[in-house]
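Notes to accompany the following structure.
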Amino acid sequence: MKLSSKDIARLKRELDKLTLAQLIIALTILTIFLIIPIASILGKAFIYENTLSLKYFEEAFLSPGMVKFPPTGAMVEVIERHKFVTLPNGTRILKPLKTLYIGGKGPDFGYILNSIFVSTSVMIFASILGLIAAFIMARYEFPGKNIFRVLLMIPLLATPFVNAYVIGKVIGPGGLLNYILKDLLHLTDYTIVIIGLPAVILVQTLSFFPIVYLNMLSSFINIDPSLEEQAENMGAHGFKLFRTVTLPLALPGLAAGATLVFIFSLEDLGAPIGLSGAFGTGLHNRLMSFYVYEEFRKAMTLEQVHPVTYAVAALMLGLAAVAFLSIKKYVTLKQYAMLAKGGRWSPRVRKPGIKGLLAIYLFLVPLVIVASFPQLGVVTLAITDWAISGVLPTKLTGEFLMALITKSDVVQAIRNSLTYASLAIIVIVLKKGYSWKRHYRLTSYHTYSNTRNNCSRRLLIVLRHCFL
């Protein structure tokens, strides 16, 4: 295709020296830190004796620990033991101790199917929580809304491994959950233990649902209210209006958030490692991400890493790509048309009645308490002896905080984290800020406001992954 003189002139005008320099820098960074590592992984996964081969993938799938179908083990198991208990009058009796294990023995699908099962479950649960929370925050005005707006962001401030460890201390056999249900409220005679894949799903859902929430909140706010008003004039109300008009218009945001959650869950290491600190080795370790990590950790050099490990890593990349392309394809099968954003509109916000207000609080209050508990637990671990005291902390201590400034390796780790994360944020903000300024055209204050809010929400996600 031959370019006209007008096209060449426009290309020269747009590719000025600064833009060209940015393009070269971006391509260089992507090549060195993304394309070359991925190409190296794919090469070691697909090359066998200098030829393209699926040998290592075949070995992975034929390995008995990689794929198990049907799965082994039951998700729920009750184990009854007995121990002697001394009554106040001195009599010793044999008392039954019943423990309800959820995820202790199964289901175990093998490393590959376990990862797919966990990622799919986390995506579904996070999408449900994020969708409901976003709809409430976008469409209702109620007392305490601004407080909930902040609290729903707290799970994004996740500390790797420690969050999962905190949840493990809560849902373990001697954890806070059993103390409340069994010892304090006497609601059950069973000791409830949530471990294995259900524990991973719980930890990751609490960590990742704000990603869906942020995407859905932006989608709901940006819906042209005139479309819903027209649907109401045609007889659509309540859930029918939500199902036929509101949700389809917000579906791109749901698809984007769900895809990110699936990918983050698939590659997450924090949950399996953190739960290992709380429970030791178990089914929560039988995930592809942990398998790859463990194989690299055990190897003394890269040459000692078995090629099957690279095949598993390549499979994770493939699953992430398939998830992204599949949901993108599904979204593009429908049209999402709204009026031009030339004017300014007010989002459809209304005050709920007493029953509606009660329903909102019954959903949001438990959600923010449970979702914020890992962060509260991290603070508690830092300033008390909870790590060694049992169910509840027994005393305050400044020992761990003093280590931040007295131990040289800790100080160096903090310095490195702040330096590299700050540099990453500067590069990201400068690159995106320049692109936005150069190519984006504001058409109204409303568009500017939405763009500013969207950037703020996405910056939170960037900060989470740079610093945490």
Task: Output for the range 269-301, where each listed residue is of a type in the set (S, T, Y) and part of a helix (DSSP H, G or I) - done: S276, S289, Y291, Y293
TODO: Restrict the check to the range 119-126 and report whether at least one residue is surrounded by 14 or more Cβ atoms within 10 Å (Cβ to Cβ), outside the structural domain of I327 (by TED's automatic domain parsing) and in a helix (DSSP H, G or I).
DONE: no
- [ ] Those residues that are crowded, with 20+ Cβ neighbours inside 10 Å and not in a helix (DSSP H, G or I), I need them from the range 145-158; list them, please.
- [x] L152, A158
Open item on the list: Please list, ordered by residue number, the helices (runs of 4 or more DSSP H) wholly in the range 1-110 having 3 or more residues that are of a type in the set (G, A, S).
Closed with: 36-46
- [ ] Find the residue count for the range 213-266, including only residues that are among the charged types (D, E, K, R) and touching a Ser or Thr at 6+ places or on another chain (Cβ under 7 Å).
- [x] 1
Open item on the list: Among the residues of the range 94-116, what is the count of those that are of a type outside the set (K, R), over 15 Å from I192 (Cβ atoms) and surrounded by 10 or more Cβ atoms within 10 Å (Cβ to Cβ)?
Closed with: 11
Open item on the list: With the structure loaded, tell me whether I112 is without any contact (Cβ under 8 Å) to a residue 24 or more places away in the chain and either touching a Phe, Trp or Tyr at 6+ places or on another chain (Cβ under 8 Å) or closer than 19 Å to F209 by Cβ (or both) or whether it fails that test.
Closed with: no
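The values are calculated or read from the model by the stated rules, or taken from the named source; none is laboratory data. Keep in mind it's a predicted model, so treat the numbers as computed, not measured. Positions of Cβ are generated from backbone atoms using ideal geometry, with glycine treated the same way; all protein chains shown enter the neighbour counts.
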